[in-house]
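Report on one structure; see the data block that follows.
Every number in this text was worked out from the coordinates using simple rules, so none of it is lab data. Just so you know, these numbers come straight off a predicted model, no measurement behind them. Note that each Cβ is placed from the backbone with ideal geometry, even for glycine, and that neighbours are counted across all protein chains shown.
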Amino acid sequence: MWQTLEPGAGTRPSDRSIEITDVRVMGLRGNPKGEDDHYVWGIVVVETDTDHYGIGETFRGIEPLDAVERIGDTVVGANPLDPERIADLLAREHYTATGGIGRAAIAAIETACWDLKGKVLGVPVYELLGGKYRDRVRLYSDTEALAGDSVGIDLEAEYTPEAYAEAAGEAVDMGFGALKFDLDVPTPGRRNEDRAARRLDNEGIEHKVALVEAVREEVGYDVDLGMDLHWSYTVETAVTLGRRLERFDLAFLEDPVHPEKLDAQARVKRAVDIPVLTGENLTSASAFRDALDADIVDLAAPDVAMCGGLGELRRIAAFCDAYGVPLAPHNLGSPVATVAGAHLGASIPNFYSLEFRGGDAPWWESLVERTGENGPVVAEGHLDVPEGPGLGIEFTDEASEHVAEGWEYVL
Ligand code: MG
C-alpha cells in the first residue's frame, strides 16, 4: 500500500516512487580571500516530487557550481534513492565530467541524493554507508598564519615564526589536537623568488625549518602537526627540507611534489622519514589504486566535494584499507561537505582525521543546525556525527544572509 512520505518518518514507499524534479544551486560566502574577497561555497539542492529535498556541496569556487547547473537536468526524472547509479549516469552522459570540475559537480548531486535517501528512510547517512565505527570524528584544523588577512599563499606577505606559533596556540586553545600549516610560503625578503623553478636555497630551507620549530615550541609534541607543500618543490628540495623536518615528529608532509609525478613522489617518500599525505587532486578509486601501487601514499586525502561522491569515497577507502593506508579526507567546505565527510569518516575503519577549514570564517557554524539535536556542529576539535535523517543538518534562517554576490537563496 502506498504510504505518504513524511520527513524523517522512517517509512518507505513500497514502489520507491520518488522522482527528482529540479537541481538548484547557490553560492554562499566562504573563507576570506584577501581583504574584500572570499571563496564561494557551492551548495546544491536536489528537489523531488515529494516534500523531501537533499543538500550537497561541490568543491569551492564558482566553476563547479556552473557545471552542476549545466548537468543537473540530466537527473530530472531519476530516482534519488539510487545515488551511485546517478553518479554513474552523470559520468556517462557527460563524458567531459569525468575529471576535475566535473567530478566535483557530480559529488554535490550524489551527496544530495544520499541526504535525500536518508530523509526518505528516516536514517542518518552513516547508516546507509554501512553503519559506524565511531560516534565522533576527529578534525584537523587547516590553520592560517595570517588569520583574518589572507587565505592561501600570499606572495606579498611575510610569514614569520611568531605568526605560526600564535596561530597554532589559538587552534589548540579552540580544542584542536591536530593542525596543519602551509609550508610552501615565500622566504622573507624574496618577493622575486623563482617559484616556477620549485627549488629552495639554504636560506629558504632555514626559514621553513624555523616556522615548524616555532610551532613545536608553542604547542609541544602531543599535537599532531602536518605541513602542506602544495606540490611546490623538486625532489631534491623536498628531500632536503623533509630530512631537516624529521626531528619535529610531524604527522605528515603533504604533497611534496606533483601527485601525477608518481615516481618523483615515491622517491621523496622513500628518502624522508615523515608520512606522506596526498590525494586531494585524485578523484577516483582507480587513480588512488595507481597511487597506492606506486607507493606514494602513507595517508590518503580524497576530497569529499571533489571525488565524485560518497560512494566513490567508500571505494577509495576500501582500496586504501587493502594497502594499510588511513584516510585524512581533504575538505575546505561549508558545514554541508564537512558533515558529509564526517558520515563517511564514521563509516570506515581506516580513518585518521577530517580536514576543517572554518577557523577563518566566523559564520561557518551559524549556517546550519542539527536536525532534532542540540549543540554546535563542531566542538573541541571533533564533529559528533549527526543522528538526524540524511546528513542530519538543515540551513538556518541566518544562512540566507550569507549568500554570495550574484546568487539567490534557493531554500
Ligand atoms: Mg593540500
For the range 184-230, run through the trypsin sites (Lys or Arg not before Pro) and keep only the ones in DSSP coil with at most 16 other Cβ atoms within 10 Å of their Cβ.
Arg190, Arg191, Arg199
Residues Asp73 and Thr234, FRET efficiency given R0 of 51 Å [Cβ-Cβ distance, rounded to 0.05]:
0.65
Kirkwood Rh and Cα-based Rg: tell me the resulting Rg over Rh for the range 93-241, rounded to two decimals.
1.09
7 Å from Cα along Cα→Cβ at both Asn192 and Glu162: what's the point-to-point distance in nm?
2.8 nm
Measure off 7 Å from each Cα along the Cα-to-Cβ vector at Asp321 and Glu260, then give the distance between these two points in nanometres to one decimal.
3.2 nm
Keeping to pairs on different chains or 8 or more places apart, tell me how many lysine pairs in the chain have Cα atoms under 21 Å apart.
7
Per principal axis, descending, Cα span of the chain in whole Å:
74, 43, 37
Antiparallel %, DSSP beta bridges [both residues in the chain], to 5:
55 percent
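Could you please tell me the mean projected area of the C-alpha convex hull for the range 158-219, averaged over all directions and given in square nanometres to one decimal?
Averaging across all directions leaves 4.3 nm² for the Cα convex hull.
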By how many nm would the segment from Leu89 to Arg16 grow when fully extended, if each residue of separation counts as 0.36 nm and the alpha-carbon distance is taken off?
24.4 nm
More than 15 Å apart: what percent of Cα pairs in the range 331-411 qualify?
59 percent
Calculate, in whole percent, how much of the Cα-Cα pair population of the range 260-303 lies beyond 12 Å.
54 percent
Say R0 is 30 Å: what FRET efficiency, to the nearest 0.05, do Ala379 and Ala210 get from their beta-carbon distance?
0.35
Points 7 angstrom from Cα along the Cβ direction at Tyr221 and Ser400: gap in nanometres?
5.5 nm
